[in-house]
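Just below is one structure, and these are the notes that go with it.
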Amino acid sequence: MTALVQLRALPRPFWVLVAATFVNRFGLFVIPFLTVFVTRQGNTAAQAGWCLAAYSIGSFCAGGVGGFLSDRLSRKITLAIASFGGAICMMILSQTVTWQSLAIAAFFTGLLTDTAHAPLTALVQDLTTPEQRVTAFAVQRFAVNLGWSIGPAVAGWLAETSFFGLFIVDAVTSVVFGIVVLVALPHGNRTQRHLAGWGYAWQSIRRNRPFLALFFACICVSWFFRQSTTTYVLHFETSGHPLHWSGIILALNGLMICALEIPLTFLTTRFPIRRILALGYIGMASSYLILLADDSLRAFTLTMVVFTLGEMCAFSRQQAYAASLAPEDMRGRYSGFLGFAWSGGSILAGLLSLQLYHLSPAAVWITTAALGLIAATAILVWGREEPTTPL
């Protein structure tokens, strides 16, 4: 089956979800510049780290909340709660100044906004067959990164004149996403009340060794993924470069993914999934080593190129691989539990990496590269190989 035929076979509600996801991702203006916003409010880089850690703690809690609600209430209701609640929290965040208040606001912003991750992933699985999921997740990532390729570039220019404008656009796009969810998307699968609890899901998860291996790897991956919006952006500013260039280089990540990820996936279908994941993890993490030698615009650009190549290898199949490990009646909670890994790594990254950066930027880059090797080892040693599915 050709790629064009597979794309046409995807159901209409899935394409509505993809369009809404693009709008929402385009408006992700605040988080890439949250570190800069906090420091411009008169706070230190270390205090900004506490704010980012608070956001990540909220995200961590969101995995449990979103996973449970999406299985018990429905994907649709949970997505709507996350969208409207996240918009409100974003506007509150824009009006805070002290790092303590910013940390509290950031916590609730992370909690509400990231509650959407589990139901969004589960809904993609609900709307597609197992044979369609690699294609579906590739299309979804295309939409996400198309929005990411445009959004940060616009946000970078806007940040130089009005940080408040970043919050307005972010909140408005969240509201639009919520409206589309309520009007045009189905509820998705629901689990019976007596089977919807976390205790029941944990009994399955703790016996699922390949999933636990992926969980551990994602803790490491979330650390070096978070650097792209924390220490990388902060190092860019402290190196004396105009902030709008940061937005443009961050947008390069999305442009490369939109142009190259699906062709790259075609080229890698004949290779074992775990090896491609491991290669991607190492590429993402080791890209920061370039900054050890240079802090020019060329070095920052090359870092982003190498990082993106690794991301395309790792993420083109990671979501489909994770979906293959989840029982049908636990998709929301499995997605939510994997969110614990991402949020846990982000908590460490938000709290420790900026503290470490304050002492030595080089230490951050070296630590990140080491975590890439650890993640690759985990997925190679304890993962389970799945048959490749060509797009």
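Where a number appears in this text, it was derived from the coordinates with a stated rule and is not lab data. In this text, all values refer to a predicted model and were calculated from it rather than measured experimentally. Every residue, glycine among them, receives a Cβ derived from its backbone with ideal geometry; neighbour counts consider all protein chains shown.
Using C-alpha pairs under 8 Å with a sequence gap of at least 6, the mean separation divided by the residue count of the chain gives a relative contact order of 29 percent. For residue 143, neighbours were defined as the other residues whose beta-carbon sits under 13 Å from its Cβ, and their charges (Lys and Arg +1, Asp and Glu -1) total +1.
Only helices enter this figure: runs of n ≥ 4 DSSP H residues, each worth -39500 (n - 2.57), summed and divided by the residues of the chain, yield -25500 deg cm²/dmol at 222 nm to the nearest 500. Using every pair of separate Cα atoms, the Kirkwood estimate puts the hydrodynamic radius of the stretch 12-382 at 20.4 angstrom.
Just checking the listed ones, 12, 331, 226: in the Gaussian network model of the chain with Cα springs under 10 Å, the one fluctuating most is 12.
Computed from the C-beta positions of residue 207 and residue 259, the FRET efficiency with R₀ = 35 Å rounds to 0.30.
Annotation: the residues 379, 150, 57, sorted from fewest to most other C-beta atoms within 10 Å of their own C-beta, follow the order 150, 57, 379.
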